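Below: one structure, written as structure tokens.
The values are calculated or read from the model by the stated rules, or taken from the named source; none is laboratory data. Given the structure is predicted, the values throughout are model-derived calculations rather than measurements. Every residue, glycine as well, gets a Cβ built from its backbone with ideal geometry; the counts of neighbours run over all protein chains shown. Remember, those area values only see protein heavy atoms, side chains included, never the ligands or the DNA or RNA. Shrake-Rupley method; radii C 1.70, N 1.55, O 1.52, S 1.80 Å.
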Amino acid sequence: QLRRLRGLLRGLRRRPGTGGRRPSRMALCGQAAGAASLPSELIVHIFSFLPAPDRLRASASCSHWRECLFYPALWPQLRICLRVSPAEQPRLEFLMRKCGWFVRELRVEFAAENYLSGGGGPGDGGSGGGTDTGTGGEDGEALQLSSRWLEVLRIYLELVLCVLLSIRNNRNLQKFSLFGDISVVHQQGSLSSTYLSRVDPDGKKIKQIQQLFEEILSNSRQLKWLSCGFMLEIVTPTSLSSLSNPIANTMEHLSLLDNNIPGNSTLITAVELERFVNLRSLALDFCDFTAEMARVLTDSNHVPLQRLSLLVHNASVMLKSLDNMPNDEHWKALSRKSSSLRVYLMVFDIKSEDMLKILKPSIPLERVHFDSYVTCVSGAIVDLISRQYDKFLTHFILMNDMIDTSGFPDLSDNRNEDPLVLLAWRCTKLTLLAIHGYTVWAHNLIAIARLRGSDLKVLQVTEESIDFDQGELADQDVDPVQNLIEQVSLGLGQSWHAVLDIESLSVFTEPNRHFYREMQSFSEDI
């Protein structure tokens with residue numbers, strides 16, 4: 001294509017009648033040499049070197065460019081992150097109208113700007129005085145209905161419909177991923193379904209969305225990757241039955257995460273899972289991953305499972321039983337079937353006694369993310385993880401969002417050794433450690449940095465989580481904060497600072513989104 005472009009330009013330099021003389025500047029800039037005269041194939045090739053945002057800007061130049069810039073070969077994949085707001089709707093409609101019918105990989109993330117909060121929550125939408133529009137009290141009072149939040153949900157449904165309508169007849173779709181982190185977090189789980197019933201009282205719009213989703217699955221001919229997380233009941237227990245057997249047999253990744261499913265309903269059963277014989281990566285609610293499912297995945301007709309991501313949510317544990325979960329023998333069988341199997345746990349507000357049931361010794365646990373609003377993680381649980389999973393653990397995230405005026409919980413209370421230091425000592429593959437809302441003593445932080453050294457690629461600890469011994473504070477000759485920074489930097493072999501602005505890191509402010517994105521990369525890294 002580039003040789004054709006050079007030939008075209010040489011032809012313009014030697015136009016008939018010029019006698020080989022150098023043409024004037026005006027002749028070169030005339031209509032014959034303009035971009036409009038270039039073949040469409042050449043324009044498509046040239047613009048293939050532009051990043052997606054620049055292509056969208058260039059498409060506004062003229063109708064000819066717009067036609068070329070939305071050639072299917074230029075948009076094999078489309079990854080969109082949308083704030084649920086009226087301004088996004090016409091942009092999404094334009095993009096999906098142009099690309100929805102041919103795109104091969106589509107990943108869409110929805111997030112609401114207007115969370116209801118009594119103060120300090122993500123996207124704080126509460127009023128700043130007078131009327132209380134958020135949560136209050138130790139038990140967390142019920143959130144009041146908000147007209148602004150209802151509007152967010154209304155727009156959300158319209159955006160989801162726009163996406164699904166545009167791809168309903170796309171038979172080239174190979175990877176389809178939807179994420180909708182617009183739930184209002186509450187100690188009893190998500191309350192978005194309460195607002196949803198006000199926006200869609202007769203359920204017609206939700207039913208339309210569910211039917212469109214099933215239609216997309218039934219029309220698919222090349223689908224290898226299906227991922228749906230926190231989408232407010234878009235997936236139902238009957239959705240996967242829409243997939244034909246040939247597509248189910250070739251599916252490589254399946255992710256169904258939705259803690260809004262009412263009652264004891266599950267999105268996939270062990271019988272349904274038997275069709276997915278080529279599955280290499282799976283993400284489910286922990287309570288849905290039963291012993292019978294583990295047995296299905298160890299059958300000889302199934303390829304070895306390599307990635308398993310499990311969401312352990314208190315709302316799900318309260319509604320469903322842990323009695324059917326895999327025992328240690330099931331985990332051993334899964335590991336024998338696939339020596340490369342690795343597990344990722346995302347844990348929301350689970351009691352210590354339940355965690356002791358869940359953490360079977362033979363789980364090949366590589367990543368664990370604790371997020372607490374009501375129930376804190378105990379030092380005993382951290383110690384158990386460091387002892388049982390020392391050969392596998394690479395990522396450990398510990399978050400606590402409880403508002404407690406008495407201070408952050410100290411995992412090292414009544415212990416000879418700090419559990420976090422023991423974690424760094426035992427887990428030799430640890431590459432990421434992130435902590436917020438738990439007391440981390442400065443001397444222990446220095447010990448962690450020295451133990452893991454440059455192998456610990458990421459060490460994120462919020463400033464308010466760090467505490468100093470009285471002896472360190474009493475030394476007038478040494479600035480304890482500066483000394484901490486220097487010693488940790490020296491131990492890690494790289495510049496280090498405590499996290500000053502928690503809002504700058506999604507791992508602390510948007511745990512659902514962080515987990516979903518990490519789960520995607522965790523599954524893609526096979």
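Mind checking which helices (runs of 4 or more DSSP H) fall wholly inside the range 415-526 and carry at least 1 residues that are surrounded by 15 or more Cβ atoms within 10 Å (Cβ to Cβ) and in contact with a strand residue (DSSP E or B) (Cβ under 8 Å, 6 or more places away or on another chain)?
Per the criteria, 419-426, 442-452, 480-492, 506-509, 511-524.
Note on the range 315-330: residues that are assigned to a helix (DSSP H, G or I) and open to solvent by 20 Å² or more (accessible area, probe 1.4 Å) amount to 6. Of everything listed in (1) modelled with pLDDT under 95; (2) out of contact with any Ser or Thr (no Cβ under 6 Å at 6 or more places or on another chain); (3) farther than 20 Å from H369 by Cβ, the single unmet condition for L297 is (1). Scanning for something crowded, with 17+ Cβ neighbours inside 10 Å, at pLDDT below 95 and farther than 16 Å from L365 by Cα, does the range 275-284 turn up at least one residue? Among the residues of the range 275-284, not one is crowded, with 17+ Cβ neighbours inside 10 Å, at pLDDT below 95 and farther than 16 Å from L365 by Cα, which makes the answer no.
Considering (1) more than 23 Å from the chain's Cα centre (by Cα); (2) under 21 Å from D413 (Cα atoms); (3) open to solvent by less than 10 Å² (accessible area, probe 1.4 Å), the lone condition that Y389 does not fulfil carries the number (2).
Inspect the range 254-263 for any residue being assigned to a helix (DSSP H, G or I) and loosely packed, with under 14 Cβ neighbours inside 10 Å and give the result as yes or no. No: zero hits. Pairs, please: C-beta under 6 Å, at least 6 apart or cross-chain, first residue of a type in the set (D, E) and in the range 205-225, second open to solvent by 10 Å² or more (accessible area, probe 1.4 Å)? Hits for this filter: E214/S242; E215/R168.
In this structure, C228 does satisfy being in a strand (DSSP E or B) and either free of Cβ contacts under 8 Å to residues at least 60 places away in the same chain or among the charged types (D, E, K, R) (or both).
Residue pairs whose Cβ atoms lie under 9 Å apart, separated by 6 or more positions or on different chains, with the first residue in the range 88-104 and touching a residue at least 60 places away in the same chain (Cβ under 8 Å) and of a type in the set (K, R) and the second in a loop (DSSP other than H, G, I, E, B) and crowded, with 16+ Cβ neighbours inside 10 Å, are R104/W75; R104/N170; R104/N172; R104/L173; R104/Q174. Given the criteria touching a residue at least 12 places away in the same chain (Cβ under 8 Å) and open to solvent by less than 10 Å² (accessible area, probe 1.4 Å), does L356 qualify? For L356, the condition - touching a residue at least 12 places away in the same chain (Cβ under 8 Å) and open to solvent by less than 10 Å² (accessible area, probe 1.4 Å) - is not met. Picking from residues in the range 171-208 that are at pLDDT 90 or above and buried (at least 21 other Cβ atoms within 10 Å of the Cβ), the one that is nearest to N400 (Cα to Cα) is F179. So, in the range 223-240, how many residues would count as being modelled with pLDDT under 95 and open to solvent by 10 Å² or more (accessible area, probe 1.4 Å)? Total satisfying the criteria: 4. Only one residue in S521, S454, S495, S504 is touching a residue at least 24 places away in the same chain (Cβ under 8 Å) and among the small types (G, A, S), so which one is that? On inspection, the qualifying residue turns out to be S454. Checking each residue in the range 81-111 for being farther than 17 Å from I155 by Cα and among the aromatic types (F, W, Y) picks out W101, F102. Evaluated against (1) modelled with pLDDT of 95 or more; (2) open to solvent by 30 Å² or more (accessible area, probe 1.4 Å); (3) among the small types (G, A, S), A333 falls short on exactly one condition, (2).
The condition (being modelled with pLDDT under 90 and within 23 Å of S177 (Cβ to Cβ)) is satisfied by just one residue among I247, I268, I261: I261. Is it true that some residue in the range 292-314 is touching an Asp or Glu at 6+ places or on another chain (Cβ under 7 Å), more than 24 Å from T394 (Cβ to Cβ), open to solvent by 20 Å² or more (accessible area, probe 1.4 Å) and hydrophobic (A, V, I, L, M, F, W, C)? No, the conditions are met nowhere in the range 292-314.
None of D371, D354 is outside any helix (DSSP H, G or I), at pLDDT below 95, in contact with a helix residue (DSSP H, G or I) (Cβ under 8 Å, 6 or more places away or on another chain) and closer than 21 Å to F289 by Cα except D371. Scanning for something touching a residue at least 12 places away in the same chain (Cβ under 8 Å), closer than 22 Å to L257 by Cβ and of a type in the set (D, E, K, R), does the range 403-416 turn up at least one residue? No, the range 403-416 has no match at all.
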